[in-house]
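One structure below.
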Amino acid sequence: MGQDFLSNIDLFYTDQNVIDNQIIITGEEVHHIKDVLRYSINDRVYVTDGKGSIYKCKLTSIAKAELQCSIDEVRHYDNHFENITFCIPRLRTQDRLEFALEKCVELGITNFIIFDSIRTVIKGAKLDRWQKVLTSAMKQSIRAWLPKINYLKSISEIALLPGRRVVFEQSANTPFNKFLNQADFSSRVENIYFLFGPEGGFADEEIAMTKKCSFVKLTDNRLRAETAVITAASIIAMELS
C-alpha cells in the first residue's frame, strides 16, 4: 500500500472472517458499493474487519446480497486506547451526543458507555443508532478498530465495573494532561473509565459514588458536556499516541 492510501480511499466494513485469502462484504455496504458508488469487477476495494486490519482487495464477485473480494495486501494497526472507556451522560440534544461520539472515534477512542444520571432529561438507549454513528466515523477516519458502545442506567452501575475511574470535575486541582503524564497507562492492563458530568452536574448521591475516583480538570473555564468529551479525546490522542 502506498504511503498516501490512508487519505485517498473509501473504507468499507465487514464482520465476515477472512477465508482462503478471500473476504465477503454483506449488509448495507453492498448497496453502497455496487449501486451508489458503482464499483465493478476487478476494482480496488479497501475493507476493515474492525479488529485492527485493513485489507487492500480486488472485487471478484458481485451478487445481490454480498460482494466477494480477493486480498492483495493487509495492514495491521494497534489499538492504543483499548483499555480506555469514555463514560458519557445522555445529553438533552441527540445531535450533540452523536457529534461528540463521532469526533472521539476520529481521535482514536474505541470504547464508550452512555449512562443516565439523576439529572438526565432524556433517558434510555439508542444503541443501534449510536453504533451506526460510530461505524461511520471509523470508516470516514480510516480507523481499523470498530468502536464498542454500551448503555448503563446509572452511575452506580459504572462504580461496579472493574478498573480505575477518573472523573472530570471543574474544581479538581490536577490538570488532565499532567495526570496522563503521571499515570502509567503504557501497560494497557487496567481498564480506565473517564466519567463526564451530565448537564446540570452530578447529583449529591452520584458524587458520593465517586469518592474512590481520581479527579481531574480540563480547563479553568466551564465547558459544555460535548466540548469536554472532545477536548479530553484530543488530549489523550496527543499525549498517549
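Any read-out appearing in this document is the output of simple, stated calculations on the displayed coordinates, not a laboratory observation. Owing to the predicted nature of the structure, the values given are computational and were not obtained by experimental measurement. Glycine also receives a Cβ, built like all others from the backbone with ideal geometry; neighbour counts cover every protein chain displayed.
FRET efficiency for the pair Ser154 and Ile19, taken as 1/(1 + (r/R0)^6) with r the Cβ-Cβ distance and R0 = 41 Å, rounds to 0.45. Restriction of the GluC sites (Glu not before Pro) in region 74-125 to DSSP coil positions whose beta-carbon has at most 14 other beta-carbons within 10 angstrom yields Glu82.
Taking the chain, the Cys residues with no second Cys beta-carbon under 4.7 angstrom are Cys87, Cys104, Cys213. With R₀ set to 25 Å, the beta-carbon distance separating Ser70 from Val36 gives a calculated FRET efficiency near 0.65. Only one item in (1) 26, 21, 16; (2) 38, 19, 15; (3) 32, 23, 17 matches semi-axes √(5λ) of the Cα gyration tensor in Å derived from the coordinates shown, and that item is (2). Using a ≥ b ≥ c from the Cα gyration tensor of region 107-208 (square roots of the eigenvalues), is it rounded, prolate or oblate, where a/c under 1.5 gives rounded and otherwise the larger of a/b and b/c decides, a/b for prolate? Since a/c reaches 1.5 but b/c is at least a/b, the shape of region 107-208 is classed as oblate. Nearest 10 degrees, 0 to 90: what angle lies between the long axis of helix 94-106 and the longest principal axis of the chain (Cα atoms)? So the helix axis and the longest Cα principal axis differ by about 70 degrees. In degrees between 0 and 90, to the nearest 10, how far off the longest principal axis of the chain does helix 225-240 point, with axes built from Cα atoms? The two axes meet at around 70 degrees. Cβ crowding within 10 Å ranks Phe194, Phe179 as Phe179, Phe194, fewest other Cβ atoms first. Using only Cα atoms and rounding to the nearest 10 degrees, what angle (0 to 90) does helix 127-140 make with the longest principal axis of the chain? Around 60 degrees separate the two axes.
Only lysine pairs 8 or more places apart, or on different chains, with alpha-carbon atoms under 17 angstrom apart are counted in region 84-240, and they number 9. Each residue in Asp20, Asp72 was given a count of other beta-carbon atoms within 10 angstrom of its own, and listing them fewest first yields Asp20, Asp72. Once the Cα-Cα distance is subtracted from the 0.36 nm per residue extended length, the Arg129 to Gln170 segment shows a gain of 11.7 nm.
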